[in-house]
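Here's the structure, in structure tokens; my notes come after.
The values are calculated or read from the model by the stated rules, or taken from the named source; none is laboratory data. Not measured: the values here are computed from a predicted model. Methodologically, a virtual Cβ is constructed for each residue, glycine included, from the backbone with ideal geometry; neighbour enumeration extends over all protein chains shown.
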Amino acid sequence: MTSGDSNTIQNHAAFIWSVADLLRGDYKQSEYGKVILPLTVLRRLDCVLEPTKQAVLDRAAQLAGRNHNLDPILQKEAGEQFYNTSRFDFATLVAAPDDLADNLKHYVASFSTSARDVLDKFDFTTQIDRLDRSKLLYLVMSKFAEVDLHPDKVSNLEMGYLYEELIRKFSELSNETAGEHFTPREVIRLMVNLLFIEDTDLLTKPGIVKTIYDGACGTGGMLSVAEDRLRELNPAASLEVYGQELNAETYAICRSDMMLKGQDATNIAYGNSFSEDGHPGLKVDYSIQNPPFGVEWKKVADAVKDEHNDRGLAGRFGAGLPRINDGSFLFLQNAISKMKPVADGGSRVAIVFNGSPLFTGAAGSGESEIRRWIIENDWLEAVVALPDQLFYNTGISTYFWIVTNRKAPERRGKVQLVDARKCFVKMRKSLGEKRKQVSDNQIADIVRAYGDFNEVDGGDAADSDPKPSVKVFPNEAFGFLRITVERPLRLRWEVTDEGVEALRADKKFAKLTEDDQNSIIADLGHSIGAHATDEALRDLARTALKRADIKGKPYENAIVDAFAIRDPDADPVTDSKGNVQPDPDLRDNENVPLPAMSVTYEADVDARLGTIEYRSAIDDYITAEVHPYVPDAWVDHDKTKIGYEIPLTRHFYTYTPPRALEEIDAEIKQLESEIQELLAEVTE
């Protein structure tokens, strides 16, 4: 965005924002957006239709009373996908203040269906009545009539920025999350460049037509930037956009923006992407998304779980379900479901996540299984780590995931990690939590490093011009075997006072009458201090129970357990078949790297876990890493699970040794000397 563009946006935003001052007192600050946003959209539509207004009215009058569909005819006359058949516009509305409320309602109702759907989502009629009752309607409308939002004055790109700037301001006032609605444009430009990076030659072909989808499209910023970028590459190219948005107001803004740009606004669906997929069966060339971070999906859990259980991998969520408090992976699975088959050209997906999807979830959990599904299908092309404090609503670190089913030959079977966390410039003035931005030169550096696909060390963050660092790993490097390591249960039995107290506290034993308890304990008391084997103690227990006329194996086991003492020098305990019993207190888990072999995704991995390669990997690990310290340990193979995680930070970690003690000591002495000098000056 140029400085001129920025000034235009800031000037218009400031003017429109000044209208909010008129609402003070009658509206809460958190309610300003209910008036300002729909009026901004309405004024934009009014300015766009102004040049053809009279022609549309004349044509509508000629066609009055005819029975056929007038939409195509009047749309052609208006030169837009929408039109208005009211004789009013903003100028004539404010010229008749006494009838302003009724005339404005008539004006809104006279828009074509597609435009009226946008305004209906704002519930603007309610605000017209409220403004009229508060004697504010004329003041607000006359202010908006002064601002010129015609495309000749404010471009579509600038209008998108203007919408987002207003949303950001209103969100701050209402303590809402502005970042749920839009993404910084330099972040989108970087995403779009990475999304298109493999297709530059393809996208420059004459007359090329491509499709793109955003399942959490907000105000449509990502779709707009993608469209602009494609036109930069090829002015004759066409990008058909599809999206879905849950928030009514941002949906309305997105849809109106698409109408003004000549896109098919009906491709923007309203509703929840998980439970009400607005584009079932859609297959697109590209998908780009910035879903809200860490948002729970409890409200749509039934619909998601039903699709997961009923359709499995034939549906969108068959690979697994993430934790209920973070639906990030549901957005990615939804996007993957809309990838074209490889035979039809395949697809590419770019999505923004926080750090959680990289590693959250143990082996076998929903998140780990989703990562396994993506990586073992060889769909994960790259993960790009971004600087923190890039987004308006959060200062946390964020990551791009680039997913595709049509990797270039040299990328197949591999995942590229790009560390661009040090590639930023600090902003002179922060916007919410956004204190950093990625410059155009840094975007070019990141895209170049991504496209080169070579491992490179980009230098230290303290460097004057740090570059991104890149590493490339085989797919299996991100997988591991989660094994359960058992050690034998070693017990000796000794009748002690502590054991007696433990027996009294046992829930099963406590069910006996007090007399029976005392009788049994009295019999056992004769053996205080005596050592016994398991079987010998059972004989004592059976004898004591018989004298008290008590029957039942649970009571016998309670007595044996109460007097059992763990002893590392005792013999292992075995069951009736001679099998050594594991000690739950000594049970441990280890992560074993997967064997270096490529695999194809399969939902059931039992057969794979039984192969020689996988068993050998476990055995070799135990021999090298466990048996030197605990030679009696073994692995319970029935509990082994495959997990996947992407420890990006660990792969780029650089050890920084602590400063030498001599250096620290010298610095302390220097500080002490300075303090003494200051004290001397005070006491003189």
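Residues checked against (1) surrounded by fewer than 22 Cβ atoms within 10 Å (Cβ to Cβ); (2) in contact with a Leu (Cβ under 7 Å, 6 or more places away or on another chain); (3) part of a helix (DSSP H, G or I); (4) in the same structural domain as residue 331 (by TED's automatic domain parsing):
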residue	(1), (2), (3), (4)
418	no, no, no, yes
426	yes, no, no, yes
430	yes, no, no, yes
435	yes, no, no, yes
443	yes, yes, yes, yes
463	yes, no, no, yes
466	yes, no, no, yes
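Quick one: would you say residue 274 is outside any helix (DSSP H, G or I), at pLDDT below 95 and out of contact with any Gly (no Cβ under 6 Å at 6 or more places or on another chain)? Answer is no for this residue. In summary, helices (runs of 4 or more DSSP H) completely within segment 176-260 and bearing 1 or more residues that are within 21 Å of the chain's Cα centre (by Cα) and under 21 Å from residue 335 (Cα atoms) occur at 185-196, 221-233, 248-260. Return yes or no: is residue 543 assigned to a strand (DSSP E or B) and more than 30 Å from residue 411 (Cβ to Cβ)? No: the conditions fail for residue 543. The residue that is farthest from residue 16 (Cα to Cα), counting only those in segment 52-70 that are surrounded by 14 or more Cβ atoms within 10 Å (Cβ to Cβ) and of a type in the set (D, E, K, R), is 59.
Of all the residues in segment 488-498, those that are surrounded by 20 or more Cβ atoms within 10 Å (Cβ to Cβ) and not in a strand (DSSP E or B) number 1. Within segment 223-251, the set of residues being modelled with pLDDT of 90 or more, in contact with a Ser or Thr (Cβ under 6 Å, 6 or more places away or on another chain) and either crowded, with 18+ Cβ neighbours inside 10 Å or at positive phi (or both) comprises just one member, 244. Residues in segment 585-592 include at least one that is more than 30 Å from the chain's Cα centre (by Cα), farther than 22 Å from residue 496 by Cβ and not aliphatic (A, V, I, L, M). Under the condition of being buried (at least 17 other Cβ atoms within 10 Å of the Cβ) and out of contact with any Pro (no Cβ under 9 Å at 6 or more places or on another chain), the residues counted in segment 610-623 number 2.
Condition check ((1) in a loop (DSSP other than H, G, I, E, B); (2) outside the structural domain of residue 193 (by TED's automatic domain parsing); (3) within 22 Å of residue 285 (Cβ to Cβ); (4) not hydroxyl-bearing (Ser, Thr, Tyr)) across all residues:
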residue: 320; (1), (2), (3), (4): yes, no, no, yes
residue: 326; (1), (2), (3), (4): yes, no, no, yes
residue: 346; (1), (2), (3), (4): yes, no, yes, yes
residue: 349; (1), (2), (3), (4): no, no, yes, yes
residue: 364; (1), (2), (3), (4): yes, no, no, yes
residue: 370; (1), (2), (3), (4): no, no, no, yes
residue: 374; (1), (2), (3), (4): no, no, yes, yes
residue: 402; (1), (2), (3), (4): no, no, yes, yes
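Condition (residue is outside the structural domain of residue 248 (by TED's automatic domain parsing), within 17 Å of residue 38 (Cα to Cα), of a type in the set (Phe, Trp, Tyr) and in contact with a helix residue (DSSP H, G or I) (Cβ under 6 Å, 6 or more places away or on another chain)) applied to segment 102-120: is it met by at least one residue? No: zero hits. Just one of the listed residues (603, 633, 558, 564) is touching a helix residue (DSSP H, G or I) at 6+ places or on another chain (Cβ under 6 Å) and at pLDDT below 95, namely 558.
Answer with yes or no whether residue 220 is surrounded by 23 or more Cβ atoms within 10 Å (Cβ to Cβ), touching a strand residue (DSSP E or B) at 6+ places or on another chain (Cβ under 6 Å), over 24 Å from residue 408 (Cβ atoms) and assigned by TED's automatic domain parsing to the domain that holds residue 279. Lay out the reasoning, then the answer.
Numbers: surrounded by 23 or more Cβ atoms within 10 Å (Cβ to Cβ): yes; touching a strand residue (DSSP E or B) at 6+ places or on another chain (Cβ under 6 Å): no; over 24 Å from residue 408 (Cβ atoms): yes; assigned by TED's automatic domain parsing to the domain that holds residue 279: yes.
No.
When the criteria are applied in full, residue 273 meets the requirement of being surrounded by 15 or more Cβ atoms within 10 Å (Cβ to Cβ), touching a residue at least 12 places away in the same chain (Cβ under 8 Å), over 21 Å from residue 378 (Cα atoms) and of a type in the set (S, T, N, Q). The set of residues in segment 562-587 being under 30 Å from residue 513 (Cα atoms) and either crowded, with 17+ Cβ neighbours inside 10 Å or without any contact (Cβ under 8 Å) to a residue 12 or more places away in the chain (or both) consists of 562, 563, 564. Given the criteria outside any helix (DSSP H, G or I) and farther than 22 Å from residue 27 by Cβ, does residue 152 qualify? It is true that residue 152 is outside any helix (DSSP H, G or I) and farther than 22 Å from residue 27 by Cβ. Here residue 103 passes the criteria (1) farther than 20 Å from residue 257 by Cα; (2) at pLDDT below 95; (3) assigned to a helix (DSSP H, G or I); (4) of a type outside the set (Ser, Thr, Tyr) except the one numbered (2). Tell me which residues, restricted to segment 283-294, are modelled with pLDDT under 95 and surrounded by fewer than 17 Cβ atoms within 10 Å (Cβ to Cβ). Scanning segment 283-294 gives a single hit, 294. Of the residues making up segment 319-378, those that are within 26 Å of residue 187 (Cα to Cα) and β-branched (Val, Ile, Thr) are 336, 349, 351, 352, 360, 370, 374, 375. The residues of segment 624-666 that are under 33 Å from the mean Cα position of the chain (by Cα), outside any helix (DSSP H, G or I) and surrounded by 11 or more Cβ atoms within 10 Å (Cβ to Cβ), listed by number, are 640, 641, 642, 643, 644, 645, 646, 647, 652.
Among the criteria (1) within 28 Å of the chain's Cα centre (by Cα); (2) exposed (fewer than 14 other Cβ atoms within 10 Å of the Cβ), the one residue 480 does not fulfil is (2).
Each row is one residue, and each column tells you yes or no for (1) surrounded by 14 or more Cβ atoms within 10 Å (Cβ to Cβ); (2) part of a helix (DSSP H, G or I); (3) in contact with a Ser or Thr (Cβ under 8 Å, 6 or more places away or on another chain); (4) hydroxyl-bearing (Ser, Thr, Tyr).
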{"site": "19", "(1), (2), (3), (4)": "yes, yes, no, no"}
{"site": "35", "(1), (2), (3), (4)": "yes, yes, no, no"}
{"site": "40", "(1), (2), (3), (4)": "yes, yes, no, yes"}
{"site": "46", "(1), (2), (3), (4)": "yes, yes, no, no"}
{"site": "50", "(1), (2), (3), (4)": "yes, yes, no, no"}
{"site": "76", "(1), (2), (3), (4)": "no, yes, no, no"}
{"site": "82", "(1), (2), (3), (4)": "yes, no, yes, no"}
{"site": "86", "(1), (2), (3), (4)": "yes, no, yes, yes"}
{"site": "93", "(1), (2), (3), (4)": "yes, yes, no, no"}
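Scanning segment 378-414 for residues that are aromatic (Phe, Trp, Tyr), modelled with pLDDT of 95 or more and touching a Lys or Arg at 6+ places or on another chain (Cβ under 9 Å) gives a single hit, 379. Would segment 92-115 turn up any residue that is under 20 Å from residue 27 (Cα atoms) and free of Cβ contacts under 8 Å to residues at least 24 places away in the same chain? The answer is no; no qualifying residue exists.
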